[in-house]
Amino acid sequence: MSIKSYRDAINECLHQEMERDVNVVVFGEDVVGGSGTEGGKEAIGGVFSLTAGLWGKYGDNRVFDTPISESAIVGAAAGAALAGLRPVVEIMFSDFFGLCLDQMYNQAAKFNYMFGGGAKTPMVVRTTTGAGMSAAAQHSQSNYNWVTNIPGMKVLLPSNPYDAKGLLAAAIRGEDPVVFYENKLLYGIKGEVPDDTYVIPLGKGNLTRQGKDATIVAFSRMVHIANAVADRLAADGITCDVIDPRTTSPLDEEMILESVQETGRLIVVDECNPRCGLARDIAGLVASQAFEFLDAPIKLVTPPHTPIPFAPNLEHAYLPNEAKVEAAVREALGGR
Amino acid sequence: MQLNRDQLERAYRQMKTIREFEERLHIEIGLGEIPGFTHLYAGQEACAVGVCEALTNEDYIVSTHRGHGHCIAKGCDVPGMMKEIYGKAGGLCDGKGGSMHIADLNKGMLGANGIVGGGPPLAVGAAIAARNAGNGRVAVAFGGDGSCNQGTVFEAMNMAVVLKAPVIFVFENNGYSEHTGVSYAVGSGDISARSAAFGMPAIKADGSDFFSVYEATCEAVERARNGGGPSSLEFAICRYYGHAEGEPQRYRGKGEVARLRETMDCLTHFRRKVGEAQLLSPERLDEIDVEVLELIESSVQGARTAPLPPAEALFTNVYNAY
Ligand SMILES: Cc1ncc(C[n+]2csc(CCOP(=O)(O)OP(=O)(O)O)c2C)c(N)n1
Ligand SMILES: [Mg+2]
């Protein structure tokens, strides 16, 4: 066990999984960096340095740069997976899914079902999500809600270094296509991470705070906001369950429903746009399956239904934050 | 295509404005004044200005993530651009777009673009609209060497040929897409050969020479306006700064940028050419330099002191009608 950043936990996982299994390959734009330049290869190891050191250890066949061709990157991953490899590809920003969605949505996710079973597509699309860096409307979006809507696709949203390593290992070793959303604002956060490999089973949520007055379900970076609010409210004698589902597909419905049955109140914090987002999805789950346990209307904290603005003051207003979450919890508790 | 004195002065002024705009941004970004990701165009000025000098105000351009030069060359308001990049009220996009999304539809500038390969299909569409209106306008799709590997660009080029759309695909080949060299990422190494294979004339020219860029563009524009369909222009050029500001540029050769600034500088080339031909005096160019620096200084001051966008701006403009 040692303290590692979210970034280093992911990088370590990639190294260890490549070591374990020769079929694991890594490709994408600039994942080596410096191909075809005077400075030479491995000039960077990914624009966020997540793939650093892989090419030096595993060589050209297993770690390579691609042209800017998102559709071919994801499609090649799907084809390679059908043919026996375990590709881990990088799409620098999930906003670029617009260009490669067909290969996820109509191809990889459906093979096993359409082909009547027997199709293994062990591929992982690593990508980044999240606003908060003034990266504006095309480099900040949260779109895991739409990928969650695709039957056959698994969707992972690690919120801390430990989960990042364990979920990525599970994704790489599984047999289904996975989208692994790294929150770019979390790359620097640190936490305890075992040095050895381990897997976190998909579909198992993490109860990050325990309480009896309300249940807060939060995703990705929002988990940290929910935890901070729960800690602050605890000082006022209000205690909350905070649930980090960790994966939206599969989803740990049981953990959420059981918690709400105990607390009677639900607040969901999500960074997707509100329409057809995760917040309403969780609200729908609870309203349809645990309505009789609810003591108050469900509260949702999401951005407004707008694109993401550039100006920092507007982006700040766009995002959920601790004040908004605290207000929602207090409201659910009838103004306590 | 003989350029008169006014045109030459305008071309120089625009190139110099782009250069000083970017040099100043480089400093301001270093000071932490500017939010977000910024991709500087310094070094490539002759491409934007040479192309746009061959266009009218009514013609269309679509740009890229590295869009400041295209904006200035197409006539976007410089103080308004600066405010936009600072995320302030009164910016060209009211602070909602930022460096990567500057647009001015009244100037035919259909937007910088954060998606590599996002622009060329838009240019084809604008060209179809111009064709149908019979207004003689053309559309230019700016893109980098890296963009030519995107399927959207292939599709746009083929469709433009099929439809004889008055569009010009401009590839600014600065040798790199982020940290990857063009010799690695472009299979044949030859962007123009690809364009030609789609069935359009494809010209290569020196992107550091304003006059070469201008002449090649004039020819393509004339063809497009006369119903001759699309063309492709590939300009060899260099970028002086990193892919985006703050990037360490470990992939570059030793002393590469200094050498490029020494040998490939478009402003130096321009000054030499107009001097040798006695078209513009060095004194006149120096005067322009001073005026440009004043404009940049006042733009920065204006951006610094401009108010933040009002809170309600978050909610406006999602739709035109609610
Ligand atoms: C669809 C998409 N893929 C990847 C990126 C990340 N990206 C931004 S610019 C760039 C390189 C573009 O290279 P080139 O077209 O040569 O333009 P240059 O940066 O040299 O001006 C990349 C990979 C992006 N913005 N959009
Ligand atoms: Mg380039």
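All of the numbers you see were taken from the coordinates with simple rules; none came from a lab. Predicted model, so just to flag it, every value in this text is computed and none were measured. Positions of Cβ are backbone-derived with ideal geometry, glycine not excepted, and every protein chain shown enters the neighbour counts.
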Rg over Rh [alpha-carbon atoms, Kirkwood Rh] for the protein assembly as shown: 1.00
Percent of beta bridges antiparallel (DSSP, chain A, rounded to nearest 5): 20 percent
Lys, Arg +1 and Asp, Glu -1 on Cβ, resulting dipole of region A:206-332 about Cα centre, debye, nearest 20: 340 debye
Distance (nanometres) between label positions extended 7 Å along Cα→Cβ at B:LYS254 and A:ARG173: 4.7 nm
Sites B:GLN301 and A:TYR113 - FRET efficiency at Förster radius 45 Å, r taken between beta-carbons, to 0.05: 0.15
Most fluctuating residue given options A:ASN313, A:ASN183, A:ASN112, as computed from a GNM of chain A linking Cα atoms under 10 Å: A:ASN313
Cα-derived Rg over Rh, computed across region A:2-193 with Rh taken as Kirkwood radius: 0.94
Euclidean distance of C-alpha centroids, region A:98-146 and region B:18-40, integer Å: 34 Å
Value of relative contact order over region A:2-193, rounded to a whole percent, pairs C-alpha under 8 Å and six or more apart: 26 percent
Antiparallel %, DSSP beta bridges [both residues in the protein assembly as shown], to 5: 20 percent
Compactness of chain A as Cα Rg over 2.2 N^0.38 Å, two decimals: 1.00
Sum of side-chain charges, A:ALA218 neighbourhood, beta-carbon under 15 Å (Lys, Arg +1; Asp, Glu -1): -2
GNM result for chain A, Cα springs below 10 Å: residue of A:MET114, A:MET133, A:MET18 fluctuating most strongly: A:MET114
Of the DSSP H helices in chain B, those whose Cα atoms cover at least 27 Å axially and whose Kyte score averages 1.6 or more: none
All Cα pairs of region A:206-332, percent lying beyond 18 Å: 48 percent
Fully extended contour minus Cα-Cα distance, from B:ASP286 to B:LEU105, at 0.36 nm per residue: 61.9 nm
Residue among A:ILE68, A:ILE44, A:ILE238 with the largest mean-square fluctuation in a Gaussian network model of chain A, springs linking Cα atoms under 10 Å: A:ILE68
Lysine pairs with alpha-carbon atoms under 14 Å apart, region A:2-193, spacing 8 or more or separate chains: 7
At q = 0.25 Å⁻¹, base-10 log of I(q)/I(0) for region A:128-167 (Debye sum, equal scatterers on each alpha carbon): -0.93
Beta bridge orientation in region A:2-193: antiparallel %, DSSP, nearest 5: 15 percent
Rel. contact order, % - alpha carbon contacts under 8 angstrom, at least six apart, chain B: 22 percent
Computed E for B:GLU23/A:MET133 - FRET, C-beta separation, R0 25 angstrom, nearest 0.05: 0.55
Pairwise centroid distance, computed over Cα atoms, of region B:248-322 with region A:47-81, Å: 36 Å
With eigenvalues of the C-alpha gyration tensor scaled by 5 and rooted, region B:265-322, Å: 43, 16, 8
A:SER49/B:ASN158 FRET efficiency (R0 35 Å; Cβ-Cβ; nearest 0.05): 0.40
Per-residue [θ]222 nm for the protein assembly as shown (sum of -39500 (n - 2.57) over DSSP H runs n ≥ 4, rounded to 500): -12000 deg cm²/dmol
